[in-house]
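Please read the structure below before turning to the comments.
The values are calculated or read from the model by the stated rules, or taken from the named source; none is laboratory data. Quick caveat: nothing in here was measured; it's all calculated off a predicted structure. So basically every Cβ, Gly included, is an ideal-geometry build from the backbone, and we count neighbours across all protein chains shown.
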């Protein structure tokens, strides 16, 4: 029996071009990148099931307001993750 490598035909269609420039659909202010990087920095306050909601909320509230809510949740919250979600909901009203 032949190995998988011997049965594979190189067509050139599946090769990766390492010099290809990536194009994003995010806004030019980098808000999408900032939201994702912020989300990654606060795993103790967020739930992965609701990542889209958190990132959308961060975008709507802005950088300064979101950072303030994170600080408040960590300092004043008996259960910081639950308090953080509550603070976001209240700020979005």
Next item on the list: Output the qualifying pairs, or none if there are none: Cβ atoms under 9 angstrom, residues six or more apart or on different chains, first residue in the range 62-77 and free of Cβ contacts under 8 Å to residues at least 12 places away in the same chain, second residue surrounded by fewer than 15 Cβ atoms within 10 Å (Cβ to Cβ).
Entry: 77/86
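Could you name every one of the helices (runs of 4 or more DSSP H) located completely within the range 5-93 that has at least 2 residues being touching a helix residue (DSSP H, G or I) at 6+ places or on another chain (Cβ under 7 Å), modelled with pLDDT of 90 or more and surrounded by 10 or more Cβ atoms within 10 Å (Cβ to Cβ)?
Working: elements: 31-41, 51-61, 63-76, 80-92.
Those helices (runs of 4 or more DSSP H) span 51-61, 63-76, 80-92.
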